[in-house]
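Here's the structure, in structure tokens; my notes come after.
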Amino acid sequence: MKKLLAGTAIALASLSGSAALAAGHGTTVCLITKTDTNPFFVKMKEGAEAKAEELGMTLKSFAGKIDGDHETQVQAIETCILDGAKGILITASDTSSIVPAVRQARDAGILVIALDTPLTPIDAADATFATDNFLAGELIGKWAAGTVGDTSSAKIGMMNINVSQPTVGVLRNQGFLTGFGVELGDPNKWGDESDPRIINNEVTNANEEGGRKSMENLLTMDDGVNVLYTINEPAAAGAHETLKDFGKVDDVVVVSVDGGCPGVQAVADGALGATSQQYPLLMAALGVEAVKTWADTGAKPENTPGKDFFDTGVALVTDNPVDGVPSISSAEGLELCWG
């Protein structure tokens, strides 16, 4: 996986909404992420930059100010259309509201690929390159259930992204609950389950501060919370700080999704029980390659057989494996981690 991009890394500085330009390169591809501060999207941008440089393309990068900043993403799409981009790679903050802007781009002849977060509906984009986010959630759910043992006495805290319920958050949430053995309500949204073991569904904006506040809220509602699902590792890191403040670190099984180096190190240190590892650098690099192929030949990328997206892989990382749940160790995860 690392060999795919070996020797291609370059340093191109850009701020939210700014463009990173490779002078003299012809085919233009746009990368639009939810933020430019989350390590996941930082690594995604690095992968896109490196592959664009390798292929002699121009990369223009844009990002929302915070997770959920839909308006900035719409403006970025409009800019890419005016600039004559051949392709747009996007991690949408609002997966349904972004569809009209995506339709405008596709009508202008631009290949649109959703990265990590499928649009609603998924075929609103030409293709989706993503982790199987439901499986990522299911793996940590099964691991948590196996670690707790008697799941009937579980008190579960749920930390999501935001109230717009982007698909990536729904898939991870519902996957976790399925893996843990909780009956779902509507599988296309979170928060309508009737299982009394769920203390509450919090929203974190996928950052540390949101994780801190959400953990405080959960402990205020029920200080017996003993299982915690977190949408990503920054939220988990914030929750860990609150658990330390309350003297509850050893009382709560915490799981997450991302697999970045800080998160995997948290598994090694015992601050995080398990995490599902994604590969955003590869995801973005493959997206740039797909735009180049589209520009050169008109061929669109194909889905992974049996799925409605191209699966870029996932692995459960833990140092306390559970029978029947495939996993890798934190040492292996650190060899594969993306940033």
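Distance between the 7 Å Cα→Cβ label points at ASN200 and ASN217: 0.6 nm. Rounded to two decimals, the Cα-based Rg/Rh of segment 62-130, with Kirkwood Rh, is 0.91. For segment 190-272, the per residue solvent-accessible surface stands at 40 Å², with DNA, RNA and ligands left out and a 1.4 Å probe.
Using the Cβ atoms and a cut-off under 12 Å, what net charge is assigned to the surroundings of GLY238, where Lys and Arg are +1 and Asp and Glu are -1?
-4
Shape index of the chain: Rg/Rh, with Rg the Cα radius of gyration and Rh the Kirkwood radius from the inverse mean 1/r over Cα pairs, equals 0.98. Taking a ≥ b ≥ c as the square roots of the Cα gyration tensor eigenvalues, segment 16-143 comes out prolate, since a/c reaches at least 1.5 and a/b is larger than b/c.
Place a point 7 Å from the Cα of GLN265 along the Cα-to-Cβ direction; which residues of segment 296-339 have their backbone N under 16 Å from it? Under cut-off, by backbone N: 330-339.
I'd like the orientation of helix 233-245 relative to the chain: the angle between its Cα long axis and the longest Cα principal axis, in ° from 0 to 90, rounded to 10. The two axes meet at around 30 degrees. Rolling a 1.4 Å probe across all protein chains gives PHE246 an accessible area of roughly 110 Å². All distinct Cα pairs of segment 88-245 go into the 1/r average, and the inverse of that average, the Kirkwood radius, is 16.3 Å. Charges were assigned to the Cβ only: +1 to each Lys and Arg, -1 to each Asp and Glu. The resulting dipole of segment 166-224 about its Cα centre is roughly 180 debye.
Compute the FRET efficiency between ARG106 and ASP192 as 1/(1 + (r/R0)^6), taking r as their Cβ-Cβ distance and R0 = 25 Å, and round to the nearest 0.05.
0.15
Once the Cα-Cα distance is subtracted from the 0.36 nm per residue extended length, the ASP311 to ILE122 segment shows a gain of 66.7 nm.
For GLU302, GLU332, what's the largest-to-smallest order of accessible area, 1.4 Å probe?
GLU302, GLU332
Using a simple charge model, +1 on the beta-carbon of Lys and Arg, -1 on the beta-carbon of Asp and Glu, nothing else, what dipole does the chain show about its Cα centre, in debye to the nearest 20?
Values: 23 positive and 45 negative charges, 157 e Å.
The calculated dipole for the chain is roughly 760 debye.
With only the Cα atoms considered, segment 263-339 has a convex hull volume of 98 Å³ per residue. Tilt of helix 39-55 relative to the longest C-alpha principal axis of the chain, in degrees (0 to 90, nearest 10)? Its long axis makes an angle of about 30 degrees. Angle of helix 280-297 to the longest C-alpha principal axis of the chain, folded into 0 to 90 degrees and rounded to 10: 30°.
Ranked from largest to smallest solvent-accessible area, with a 1.4 Å probe on the protein heavy atoms, THR95, THR27 come out as THR27, THR95. Once both labels are positioned 7 Å from their Cα atoms along Cα-to-Cβ, the gap between THR37 and THR304 label points is 3.2 nm.
Remark: segment 128-200 carries a charge dipole of roughly 200 debye about the Cα centre, counting +1 on each Lys and Arg Cβ and -1 on each Asp and Glu Cβ.
Out of the DSSP beta bridges found with both residues in segment 201-339, what percent are antiparallel (nearest 5)? Around 25 percent antiparallel, to the nearest 5.
For the chain, what % of the accessible area comes from carbon and sulfur atoms, probe 1.4 Å? Ligands and nucleic acids excluded, carbon and sulfur give 51 percent. Computed from label points 7 Å out along Cα-Cβ, the spacing between THR79 and ASP250 is 5.1 nm.
SER152 exposes around 90 Å² of accessible area when a 1.4 Å probe is run over every protein chain in place.
The values are calculated or read from the model by the stated rules, or taken from the named source; none is laboratory data. As the structure is a computational prediction, the values presented were derived from the model and not from experiment. Cβ: placed from backbone, ideal geometry, glycine included. Neighbour counts: every protein chain shown. All accessible areas refer to the heavy atoms of the entire protein, side chains included, with ligands and DNA or RNA removed. Shrake-Rupley method; radii C 1.70, N 1.55, O 1.52, S 1.80 Å.
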